[in-house]
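Comments concern the structure below.
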Amino acid sequence: MAAVLKSEARAAVDAAARPNVLEGERVTKRFSETVVALEDATFSVPEGSFVSLVGPSGCGKSTLLRMVAGLIPMTSGTLAVRGEEVKAPRTDVGMMFQKATLLDWRTAVENVLLPTELAGRTTDADRKRAIELLHLVGLEDFEFAFPRQLSGGMQQRVSLARLLQTGADILLLDEPFGALDEFTRERMNIELLRIVDGIGATVLFVTHNIAEAIFLADQVMVMTPRPGRLAKVVDVPFARPREIDLITTAEFNEIVAEVRGILGGH
Amino acid sequence: MTVEATKYVDLGRSAGSAATALRRALIHVAIFVTIITVWEYASHVGHLNPLILPAPSNVAQAMYELYFVTGTIYRHFFVTMYEAVAGFFIGGVIGLSLAVGAALNQTFRRYIAPYAVVFNVTPAIAVTPIIIAWFGFGWSSKIALAALIVFFPVFVNTLSGFLRVNPDAEEMFRSLGASKMRTFFKLMVPDAAPIIMAGFKVGMTGALIGAIVAEFAAASEGIGFLMQRFSFHLDISSSIAVLLSMSIMGLILFTLMEALDATLIFWKRDSRLPAISQKRARRFRKQMTALAAQ
Ligand SMILES: Nc1ncnc2c1ncn2[C@@H]1O[C@H](COP(=O)(O)OP(=O)(O)OP(=O)(O)O)[C@@H](O)[C@H]1O
Ligand SMILES: [Mg+2]
């Protein structure tokens, strides 16, 4: 199948029409004098776009996500979500961690309801939605299973459902399927795309896998380590929805080569 | 320093067919019967001095008398049980409260830590004479020593359980904007519960030791007192019978704790999950229909 390229002009119009929900200006994080996790990262993320962060271990991907989530303060620079400076966790920003971090003493649906419970009272509508979300991530018949009764992939699905239950429309995903096998991961990625397209969410997605980063994203932020830097933002111009055989096309592999070149040059 | 939470493996028990289980049980019985027979035989042919090590039949006889003829054991048994359990609750509540305070407040933790260390390295049993001087010869000194021994494992396990709460889960709670209060009850308490429970289990055994040791030192009733009376009279058969009663008491208390552990920390036991999962499903559906009916 030939990749369908959006014309350059069309892509530019798209991006211009959508406001940036996320803007970072010279974002820097130092953990100590010597440990510079992230230096001078400047970037912007338009509403509804899917942005991948790719780079080797230790280049500051998780650090960047945690700053956007308001979990850790930055050392210098400015970081704004919907024009407001990030100071603390926000309800419109949700984060999914590399580990599922489910609570072992709660059933799947009780885990999904956690964000609601922490925010206040749980209503009937919340319960209904939690069940619907579990169905959406493909967990019919497992609504009342405990995490220990679920496989790693199923636990990640619960974790994804929990993220969606927050109602956040800016989703930060830190290698969400990193621990899964290749097949499951591919399937989860395709489901993820379907889900985020459905709710029109903006996504920041961290991965080590270049092909995965490109397949999923509108933009790939390529990062390099020591000190952590945002080396380049690569546009991915393929139309959606995308089919998995996109990754065998020449256009796709050109972008893979470009990203690999940026990473290899460091 | 912390007592690790039980690994939830049944020691000595492993999966196998009913036939294997039966064979194992038979071997256990065979070993036990052999030992008892050899011991009994050795006593009868005069290899063992009955004043030092009486024959199993003598011990059985003494046991029978204690329980069914004179019935002396019951009062002493329940006195000690009461002291141990009372000490367990007092020491447990104090240990738990101080540990929660220390876990939630760094300043408090910093200033209490040195005392906890000194407390830990001092053999609690050595405090017995002082405790008796303070609390007298009655029940209260036994309860006090039991409580003292329970305190430490509960305190240390509770504190380190709270300090070791899964940092990923903590970050997840933070990203969800959870209040301190809700994080405490919905994450910290259940996450630390297995380690806290392990502390209570060790504490329960310690409570029994504390009560009995205090009875050795000065008492007019209780199973430790009874044991001492018999051994002063060189009635070793009855002493061993009392010792076996202490084992029974220990087993009762331990079994209670295990049952409590299995109920509270159900999620560590795979075999319990299906039933609880069904119960939760029913509860959830009931909530849904109740709300839908309004
Ligand atoms: N809490 C912390 N204290 C000190 N240094 C830290 C801390 N967190 C991260 N670092 C350092 O910051 C750098 C970037 O870490 P980060 O976790 O953001 O990398 P990453 O790109 O997510 O790596 P990976 O792909 O392995 O997850 C690393 O050198 C790391 O050692
Ligand atoms: Mg990381």
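Data for the structure
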| read-out | value |
| --- | --- |
| Mean projected area (nm²) of the alpha-carbon convex hull when region B:143-195 is viewed from all directions | 4.1 |
| Of all DSSP beta bridges in chain A, antiparallel share, percent nearest 5 | 50 |
| Hits among aspartates and glutamates - C-alpha to C-alpha of B:LYS201 under 13 Å, sequence gap 8 or more where chains match | B:GLU4, B:GLU258, B:ASP261 |
| B:SER97/B:MET288 FRET efficiency (R0 30 Å; Cβ-Cβ; nearest 0.05) | 0.20 |
| B:PHE78 accessible area, 1.4 Å probe, all protein chains in place, Å² to nearest 10 | 120 |
| Shape category assigned to the protein assembly as shown from the gyration tensor of Cα positions, a/c cut at 1.5 | prolate |
| Rg [Å, one decimal], Dmax [Å, integer] - region A:98-167, C-alpha atoms | 10.7, 30 |
| Accessible heavy-atom area order of B:ILE35, B:ILE252, highest first, probe of 1.4 Å | B:ILE35, B:ILE252 |
| Lysines whose Cα lies under 29 Å from that of A:LYS232, excluding same-chain neighbours fewer than 8 positions away | A:LYS6, A:LYS29, A:LYS61, A:LYS87, A:LYS99 |
| Stokes-Einstein D for chain A, Kirkwood Rh over Cα pairs, 20 °C, 1.002 mPa s (µm²/s) | 112 |
| For A:HIS208, solvent-accessible area (1.4 Å; no DNA, RNA or ligand), Å² | 100 |
| Solvent exposure, largest accessible area first (probe 1.4 Å, DNA, RNA and ligands not counted), of B:GLU221, A:GLU85 | A:GLU85, B:GLU221 |
| Computed helical MRE - 222 nm, chain B, DSSP H runs ≥ 4 contributing -39500 (n - 2.57), nearest 500 | -25500 deg cm²/dmol |
| Shape category assigned to chain B from the gyration tensor of Cα positions, a/c cut at 1.5 | oblate |
| Accessible surface, 1.4 Å probe, highest first, among residues B:LYS186, A:LYS128, B:LYS142 | A:LYS128, B:LYS186, B:LYS142 |
| Neighbouring partner chain Cβ atoms per residue of B:274-282, average, 10 Å criterion | 4 |
| Peptide-level mean, for A:100-109, of C-beta atoms on other protein chains within 10 Å | 6 |
| Area of B:ARG24 that stays accessible when all protein chains are in place (1.4 Å probe, Å², to 10) | 100 |
| Rounded to 5, percent antiparallel among DSSP beta bridges of the protein assembly as shown | 50 |
| Compactness index (Cα Rg / 2.2 N^0.38 Å), region B:58-133 | 1.74 |
| Dipole magnitude (debye, nearest 20) for region B:58-278, charges at Cβ of Lys, Arg, Asp, Glu | 640 |
| Within region A:218-266, GluC sites (Glu not before Pro) in DSSP loop having at most 13 other beta-carbon neighbours inside 10 Å | A:GLU243 |
| With eigenvalues of the C-alpha gyration tensor scaled by 5 and rooted, region A:66-190, Å | 26, 19, 12 |
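The values are calculated or read from the model by the stated rules, or taken from the named source; none is laboratory data. Because the structure is predicted, anything quoted here is derived from the model rather than measured. No Cβ is skipped: glycine too gets one built from the backbone with ideal geometry, and neighbour counts run over all protein chains shown. Just so you know, the surface numbers come from the protein's heavy atoms only, side chains and all, with ligands and any DNA or RNA stripped out. Shrake-Rupley method; radii C 1.70, N 1.55, O 1.52, S 1.80 Å.
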